[in-house]
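As structure tokens, the structure follows; a few thoughts come after it.
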Amino acid sequence: MAKLWAGRASGETARAADDFNSSIRFDSRMFREDIRGSMAHAMMLGAQGIIPRTEADAIIAELETILGELEAGTLRVDPEAEDIHMFVEQVLTERLGDAGRRLHTARSRNDQVALDLRMYLRGECDAISALLRELTETLCTLAEEHKSVILPGYTHLQRAQPITFGHHLLAYAMMLLRDLDRLADCRKRINVSPIGCCALAGTSFPIDRRMEAEALGFAGVARNSLDGVSDRDFCVELLADLSLVMAHLSRLSEELILWSSWEFRFVELPEAYTTGSSIMPQKKNPDMAELCRGKTGRVYGDLIGLLTVLKGLPLAYNKDLQEDKEAVFDACDTVRACLGIMTPMLGGMKVRADKMLQAAQEGFINATDLADYLVEKGLPFRSAYKVSGALVAECARRGCVLETLPLEAYQAASELIGADVYEAVSLANCVARRTSLGGTGAGSVEAQIAYVREKISNK
Ligand code: ARG
């Protein structure tokens with residue numbers, strides 16, 4: 001295909017150079033944005049009298065047809081094309097002749113590609129946010145069902161204090177709320193139109209950038225044409241936000257993997273989201289959770305890769321910037337795939353409340369509550385801590401737990417202790433009493449669910 005940019009250059013490039021230069025393999029997914037962008041551009045050029053209105057109308061109508069054909073698959077993207085912008089313009093020109101040749105007035109591929117990418121990523125932000133809301137809602141449903149299920153809370157992966165499973169799940173819901181906030185904020189900076197910055201310096205044609213931006217749903221326009229064509233901060237921001245989404249999914253995945261192991265058995269992942277082993281017939285492997293954990297590395301890689309591309313890049317457009325797309329597309333695809341798996345996997349997960357309670361009964365995780373009981377009886381916390389520690393040691397010697405240690409043993413350690421100590425160390429009470437804001441008690445869990453639901457309904 002003759003090159004549209006054959007001007008000073010002959011356009012006779014080496015086959016290897018064409019292949020190396022081409023981005024059609026990955027940028028053709030922006031065909032809708034490219035065509036919609038060109039329609040708005042033609043509309044603006046016509047409205048401003050830069051090209052004849054009749055030609056603008058013809059361009060718009062033909063672009064609509066091309067879009068329909070691409071959607072229907074009756075027109076296929078030419079894999080030999082240099083990029084999606086060239087492909088669409090080429091088809092248009094083949095069909096319309098000179099009118100098609102006028103479309104690229106007061107525009108460059110430099111502002112065009114930035115426009116397409118911003119439109120595409122705006123859509124990705126919305127799609128990923130919808131998936132995040134679904135996962136958050138699934139966490140709320142599970143938390144509601146299991147708001148009174150007791151399990152050990154861990155620090156250093158050592159049993160620490162009793163918590164409710166609902167409370168634990170809601171910790172993830174809070175992370176996802178922040179992810180949603182970050183994406184909404186990032187979207188504001190994505191939603192700024194670069195079109196009309198042209199190659200780098202703006203144009204002498206009487207364009208109306210605001211008209212074109214508005215037609216495409218942008219909230220504002222880039223205020224410096226050099227920045228408009230070379231800014232990829234919005235891609236980096238999105239990658240950073242998606243990296244955090246993955247960090248959260250990865251931590252959740254790790255817990256699911258741990259909890260579904262024989263050592264814990266706190267949950268059973270649904271058969272539909274686990275795999276068998278080709279050699280060990282007894283196995284049910286948490287591959288999906290492991291893949292979510294593993295794919296986190298890809299998304300971090302996308303972030304660091306793009307940051308490195310941008311480092312030291314002079315103004316304005318440089319072809320290095322073509323490397324932005326594979327990074328952001330890969331990250332968006334990866335996050336979408338992981339969220340698409342995580343939500344139904346969690347939804348179908350079986351929660352073993354019996355195993356959780358059993359583990360909670362084993363690690364003296366009510367020792368802090370015993371100390372708190374002594375504080376209520378008047379002992380300073382440090383002294384109470386010591387007495388509680390000694391009683392835990394006594395239990396270990398006897399092979400019992402604080403709930404079953406005889407009252408005489410308690411009273412031998414401190415005369416402040418009465419029969420009401422058993423209420424103080426009962427796991428159900430330990431959990432129910434933690435009513436402080438954000439605490440693990442059922443009331444607090446209910447308040448958290450209401451908070452999360454209210455937040456996601458407003459996003
Ligand atoms: N495919 C290119 C990219 O992705 C489009 C912009 C090309 N601009 C240029 N001056 N060669 O960045």
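The values are calculated or read from the model by the stated rules, or taken from the named source; none is laboratory data. All values reported here derive from a predicted model rather than from experimental measurement. Here the Cβ is made from the backbone with ideal geometry for all residues, glycine too, and neighbour counts use every protein chain on show. These accessible areas exclude ligands, DNA and RNA; they are computed on the full protein's heavy atoms, side chains included. Shrake-Rupley method; radii C 1.70, N 1.55, O 1.52, S 1.80 Å.
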Exercise for review: State whether one or more residues within the range 285-307 are assigned to a loop (DSSP other than H, G, I, E, B) and either among the aliphatic types (A, V, I, L, M) or more than 14 Å from Thr334 (Cα to Cα) (or both).
Suggested key: yes
Point to revise | Residues of the range 1-47 classified as away from the ligand (no atom under 13 Å from the Cβ), of a type in the set (S, T, N, Q) and surrounded by 11 or more Cβ atoms within 10 Å (Cβ to Cβ), total | key: 1
Check your understanding: Can we say Leu256 is touching a helix residue (DSSP H, G or I) at 6+ places or on another chain (Cβ under 8 Å), outside any loop (DSSP other than H, G, I, E, B) and more than 26 Å from His168 (Cβ to Cβ)?
Key -> no
Practice item. Look through Leu307, Leu252, Leu242, Leu303 and report the one residue that is surrounded by 21 or more Cβ atoms within 10 Å (Cβ to Cβ) and more than 19 Å from Met342 (Cβ to Cβ). Key: Leu303
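Yes/no per residue for (1) within 16 Å of the ligand (Cβ to nearest atom); (2) surrounded by 18 or more Cβ atoms within 10 Å (Cβ to Cβ); (3) more than 30 Å from Met342 (Cα to Cα):
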{"position": "Gly68", "(1), (2), (3)": "no, no, yes"}
{"position": "Glu82", "(1), (2), (3)": "yes, yes, yes"}
{"position": "Val91", "(1), (2), (3)": "no, yes, yes"}
{"position": "Arg101", "(1), (2), (3)": "no, no, yes"}
{"position": "Gln112", "(1), (2), (3)": "yes, yes, yes"}
{"position": "Asp126", "(1), (2), (3)": "no, no, no"}
{"position": "Leu135", "(1), (2), (3)": "no, yes, no"}
Review point. Can you name every residue in the range 443-459 that is modelled with pLDDT under 95 and either surrounded by fewer than 17 Cβ atoms within 10 Å (Cβ to Cβ) or under 23 Å from Asp126 (Cα atoms) (or both)?
Key: Gly443, Ser457, Asn458, Lys459
Check your understanding: Does Ala316 satisfy the condition of being within 12 Å of the ligand (Cβ to nearest atom) and either at pLDDT below 95 or small (Gly, Ala, Ser) (or both)?
Key -> yes
Review point. Under 8 Å by Cβ, and 6 or more places apart or on different chains, what pairs join a residue from the range 294-312 that is farther than 14 Å from Cys235 by Cβ with one that is of a type in the set (Asp, Glu)?
Key: Arg298/Asp330
**Study point:** Single residue of the range 221-248 satisfying the filter (in contact with a Phe, Trp or Tyr (Cβ under 7 Å, 6 or more places away or on another chain) and among the polar types (S, T, N, Q)) that is farthest from Cys332 (Cα to Cα)
**Key:** Ser230
**Study point:** Failed item, numbered, when Ile50 is tested on (1) hydrophobic (A, V, I, L, M, F, W, C); (2) surrounded by 14 or more Cβ atoms within 10 Å (Cβ to Cβ); (3) within 15 Å of the ligand (Cβ to nearest atom)
**Key:** (3)
Revision key, fill the gap. Restricting attention to the range 70-80, the residues that are among the acidic types (Asp, Glu) and either within 16 Å of the ligand (Cβ to nearest atom) or surrounded by 13 or more Cβ atoms within 10 Å (Cβ to Cβ) (or both) number exactly 2
Exercise for review: Considering only residues that are out of contact with any Leu (no Cβ under 7 Å at 6 or more places or on another chain) and open to solvent by less than 80 Å² (accessible area, probe 1.4 Å), look in the range 381-391 and name the one that is nearest to Phe266 (Cα to Cα).
Suggested key: Gly389
Revision key, fill the gap. Restricting the range 343-380 to residues that are in contact with a strand residue (DSSP E or B) (Cβ under 7 Å, 6 or more places away or on another chain) and small (Gly, Ala, Ser), the one most open to solvent (accessible area, probe 1.4 Å) turns out to be Gly363
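Name the single residue, out of those in the range 322-342 being touching a helix residue (DSSP H, G or I) at 6+ places or on another chain (Cβ under 7 Å) and over 18 Å from Gly123 (Cβ atoms), that is surrounded by the fewest Cβ atoms within 10 Å (Cβ to Cβ). So that I can check it myself, show each step before the final result.
Of all residues in the range 322-342, those touching a helix residue (DSSP H, G or I) at 6+ places or on another chain (Cβ under 7 Å) come to 323-332, 334-336, 338-342.
Now drop any that are not over 18 Å from Gly123 (Cβ atoms), which leaves 323, 338, 341-342.
Details: Glu323: 15, Cys338: 25, Ile341: 18, Met342: 25.
So, considering only residues that are touching a helix residue (DSSP H, G or I) at 6+ places or on another chain (Cβ under 7 Å) and over 18 Å from Gly123 (Cβ atoms), the one surrounded by the fewest Cβ atoms within 10 Å (Cβ to Cβ) is Glu323.
Restricting attention to the range 125-167, which residues are assigned to a strand (DSSP E or B) and touching a residue at least 24 places away in the same chain (Cβ under 8 Å)?
Residues of the range 125-167 assigned to a strand (DSSP E or B): 150-155, 158-164.
Those that are assigned to a strand (DSSP E or B) and touching a residue at least 24 places away in the same chain (Cβ under 8 Å): Ile150, Leu151, Pro152, Gly153, Gln158, Arg159, Ala160, Gln161, Pro162, Ile163, Thr164.
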Point to revise | Candidate set from the range 439-459 (those that are of a type in the set (Gly, Ala, Ser) and within 24 Å of Gly153 (Cβ to Cβ)); member that is nearest to the chain's Cα centre (by Cα) | key: Ala450
